[in-house]
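Okay, structure first, notes after.
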Amino acid sequence: MLQGTLREWWKERVVYQIYPRSFCDSNGDGIGDIPGIISKLDYLKDLGIGIIWLSPLYKSPNDDNGYDISDYMDINPEFGTMDDMKRLIEGCKERDIKIIMDLVINHTSDEHEWFKESRKSKDNPYRDYYIWRPGINSGKDGKEMPPNNWTSFFTGSAWQKDDETGEYYLHLFSKKQPDLNYKNPAVLAEVKKILTFWLDMGISGFRCDVINVIGKTTLQNGKKRIALTGREHYISQPECHEILKKLNEEIFSKYDCFTVGETVMVTPQMANDLSAPDRGELNMVFGFEHMETDCINNKWFKTPFSSSKFMNTLFKWQREVMWNANYFENHDQPRCVSHFGNDAEFHDESAKMLAALLFTLRGTPYVFEGQELGMTNFDYTSMAEIQDIESHNIWKMAAELHFPEKVRWLMIQKSSRDNARTPMQWSAAENAGFSTGTPWLRANSNCAFYNVASEQTDSNSVLAFYKELIALRKEKTAFVYGDFRVLEKTGDIYVLERYLAGEKRLYTVLNFSAKKRVLPEKAVLLYAQCRMILTNYTIRRQGEKEMRPYEAFILEER
Ligand code: TEU
Ligand code: CA
């Protein structure tokens, strides 16, 4: 039987991602926290979501905002206490909301006890928790080189020399994020303890950070590339599959939980290899391909956005991957209304059109905090306002390559991760109602229009549209389990179908452009035969042959 026909709660519920630092600050220190999240649970319940994914809340020196963990079984005091965490789990239980935690096990912080021990001496019992190698003498000028030519996700060599022992450690991310060594069985044993600790506390699963890079097959030099030299030695390697099988068999399968892998540079085939039910590894994975159809090589080099490239990529994943994790934004990506829509002329229309598409795709939908309001990219004017380590590293690298300052700033504006990390816009009040103090990252001044308080009272708001879509997905089983088919793609117009035996057929009609378009004959006919159940424009006349900019409507068979 296909996985799609198996009913599972994690297929039926909508996931809402919270980036705790930016969600809600309860005590005025400018940093979002757990009591802040608790105070918004009724908002989330009302929105209709069924699962919360919490970006890391663990103890961390915040070199990479919590993705550098120094204690996996403790809460970062900035966010609250373990008691707060227990109250959050309780509060969610009362509202029938499940929680998944971010699991960051490719690397730890360099301030984790294991690493502090590891760096002390070559015979320390924790030495082999990490990947240490001596440098290489190139022979020419006798200058010492790192163990290989791999580069980090955040630019520069992936190796850092450590004075204590004179050896280098591997870090695929920042130098404060040393990679764990999965060739050492003790590491996996530690990970199992961590998983059990949280599952026993009442957590319902994990979002597994960069999980397909945990197994490094060899440490040989990689083929030289513009970005991520070395990747062929660690992307989706056999060792990664072995580890996931063990974790699934020994831990995940013992609980009523689910796992979504964040998997970099994966093809649909690799996605299935990691998540098809008969593999016994993960339940679904986030791919990146649709997010990067407007990029050359990597996200810092943009080409103009084309709806057909984007849609064809989504369609390929719909066709080939058994169960998708569908998302248009997260804490690492620009806001979708700014990225794929048009936040200047057709803000609400395009934000709603994207939402209609997201909820029509087959798979589990993920909504990132603020997406439901149509939050946009930041309105900063210089690097002085940027916090993200990745952006600062890119800025420096582009300067070394002599990119003019204007070009560099454009790169940052388009692709910086801080676009997604500005404070959640609760109201038009100062700091968007996020904090009574000074927020760690400045709120967008468009909080004057896009905010929870005002959108809640407007039945035409982006928020109201998300609520309707979430409710619709609960009501119509075909939206969850139905087959997905593309009936028509002409220019920027798309007609999509969801079909489940015994249920009424559902059709989504989209104009993915800022121009008026002609509605194809097929859609005109469908329109006459069906009932309209949702639209982002109010009036549409019977027989009308025009699609307005970013118009989207959903039809149901009568
Ligand atoms: O992201 C992994 C990842 O691939 C990112 O480096 C991504 O390429 C980049 O952010 C896009 O701009 C995960 C987390 O989501 C990210 O926040 C962490 O910084 C990273 O892992 C390291 O843990
Ligand atoms: Ca706080």
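The values are calculated or read from the model by the stated rules, or taken from the named source; none is laboratory data. As the structure is a computational prediction, the values presented were derived from the model and not from experiment. Heads up, the Cβs are rebuilt from the backbone with ideal geometry, glycines too, and the neighbour counts pull from every protein chain shown. The accessibility values were calculated without ligands, DNA or RNA, using every heavy atom of the protein model including side chains. Shrake-Rupley method; radii C 1.70, N 1.55, O 1.52, S 1.80 Å.
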Residues located in region 355-397, provided they are of a type in the set (Gly, Ala, Ser) and in contact (Cβ under 8 Å) with a residue 24 or more places away in the chain: Ala355, Ala356, Gly363, Gly370, Gly374, Ser382, Ser391
Selection from region 438-451 of residues out of contact with any Asp or Glu (no Cβ under 7 Å at 6 or more places or on another chain), away from ligand 2 (no atom under 16 Å from the Cβ) and open to solvent by less than 20 Å² (accessible area, probe 1.4 Å) yields Cys447, Asn451
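Going by what's in this entry, would Tyr168 be described as under 21 Å from Asn393 (Cα atoms) and open to solvent by 10 Å² or more (accessible area, probe 1.4 Å)? Quick ask: steps written out before the conclusion?
Details: under 21 Å from Asn393 (Cα atoms): yes; open to solvent by 10 Å² or more (accessible area, probe 1.4 Å): yes.
When the stated conditions are applied, Tyr168 passes them.
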Pairs with Cβ under 9 Å, 6+ apart, first in region 95-118 and within 16 Å of ligand 2 (Cβ to nearest atom), second hydrophobic (A, V, I, L, M, F, W, C) and in a loop (DSSP other than H, G, I, E, B): none
Which pairs have Cβ atoms under 7 Å, sit 6 or more apart or on different chains, and link a residue in region 9-25 that is without any contact (Cβ under 8 Å) to a residue 60 or more places away in the chain to one that is part of a helix (DSSP H, G or I)? Pro20/Ile37
Would you tally the residues in region 534-558 being in contact (Cβ under 8 Å) with a residue 40 or more places away in the chain and small (Gly, Ala, Ser)? 1
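Might you check whether a residue that is closer than 25 Å to Phe153 by Cβ and of a type outside the set (Lys, Arg) occurs anywhere in region 420-433?
Taking region 420-433 and keeping what is closer than 25 Å to Phe153 by Cβ, we get 420-422.
Remaining after also requiring of a type outside the set (Lys, Arg): 420, 422.
Yes.
Can you go through Phe434, Phe449, Phe403 and tell me which one is touching a residue at least 24 places away in the same chain (Cβ under 8 Å), at negative phi and among the aromatic types (Phe, Trp, Tyr)? Explain how you work it out, then say what you get.
Numbers: Phe449 fails: touching a residue at least 24 places away in the same chain (Cβ under 8 Å); Phe403 fails: touching a residue at least 24 places away in the same chain (Cβ under 8 Å).
None of the other options fit; the residue is Phe434.
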Would you list the strands (runs of 3 or more DSSP E) that sit entirely within region 231-325 and hold 2 or more residues that are buried (at least 21 other Cβ atoms within 10 Å of the Cβ) and within 16 Å of ligand 2 (Cβ to nearest atom)? none
When region 220-230 is checked residue by residue, the ones that are in contact with a helix residue (DSSP H, G or I) (Cβ under 7 Å, 6 or more places away or on another chain), open to solvent by 40 Å² or more (accessible area, probe 1.4 Å) and in contact (Cβ under 8 Å) with a residue 40 or more places away in the chain are Gln220
I want to confirm something. Restricting to region 351-372 and keeping residues that are assigned to a helix (DSSP H, G or I) and of a type in the set (A, V, I, L, M), which single residue is surrounded by the most Cβ atoms within 10 Å (Cβ to Cβ)? Ala351
Pairing a residue in region 242-264 that is of a type in the set (Asp, Glu) with any residue that is modelled with pLDDT of 95 or more and surrounded by fewer than 23 Cβ atoms within 10 Å (Cβ to Cβ), where Cβ atoms lie under 6 Å and the two sit 6 or more apart in sequence or on different chains, gives Glu262/Asp209; Glu262/Val210; Glu262/Phe286
Those residues that are open to solvent by 60 Å² or more (accessible area, probe 1.4 Å), closer than 17 Å to Leu219 by Cβ and either of a type in the set (Val, Ile, Thr) or modelled with pLDDT of 95 or more (or both), I need them from region 123-144; list them, please. Asp128, Arg133, Pro134, Ile136
For the structure I just gave you, tell me whether Tyr129 is within 16 Å of ligand 1 (Cβ to nearest atom), under 20 Å from Ile211 (Cβ atoms) and aromatic (Phe, Trp, Tyr). no
May I ask you to verify whether Glu190 is more than 16 Å from ligand 2 (Cβ to nearest atom) and either open to solvent by less than 10 Å² (accessible area, probe 1.4 Å) or in contact (Cβ under 8 Å) with a residue 40 or more places away in the chain (or both)? yes
In region 514-523, residues that are part of a loop (DSSP other than H, G, I, E, B) and open to solvent by less than 10 Å² (accessible area, probe 1.4 Å) total 1
Just to be sure, is Glu250 of a type in the set (Asp, Glu), more than 22 Å from the chain's Cα centre (by Cα), modelled with pLDDT of 95 or more and farther than 22 Å from Asp71 by Cα? yes
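Just give me the residues in region 161-178 being touching a residue at least 12 places away in the same chain (Cβ under 8 Å) and more than 22 Å from Asp74 (Cβ to Cβ), in sequence order. Steps first, please.
Our first condition is that a residue be touching a residue at least 12 places away in the same chain (Cβ under 8 Å); within region 161-178, this holds for 161-162, 164-178.
Scanning region 161-178 gives Lys161, Asp162, Glu164, Thr165, Gly166, Glu167, Tyr168, Tyr169, Leu170, His171, Leu172, Lys175.
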Lone unmet requirement of (1) open to solvent by 10 Å² or more (accessible area, probe 1.4 Å); (2) at pLDDT 95 or above; (3) within 16 Å of ligand 1 (Cβ to nearest atom) for Asp162: (3)
Considering only residues of region 373-417 that are assigned to a loop (DSSP other than H, G, I, E, B) and within 16 Å of ligand 1 (Cβ to nearest atom), which is most open to solvent (accessible area, probe 1.4 Å)? Gln387
Going through region 468-504 one residue at a time, which ones are open to solvent by 20 Å² or more (accessible area, probe 1.4 Å) and either in a strand (DSSP E or B) or touching a Gly at 6+ places or on another chain (Cβ under 6 Å) (or both)? Ala471, Asp483, Phe484, Arg485, Val486, Leu487, Glu488, Lys489, Thr490, Tyr499, Leu500
Filtered residues of region 418-437 (kept if within 15 Å of ligand 2 (Cβ to nearest atom), over 24 Å from the mean Cα position of the chain (by Cα) and not in a loop (DSSP other than H, G, I, E, B)): Asn431, Gly433
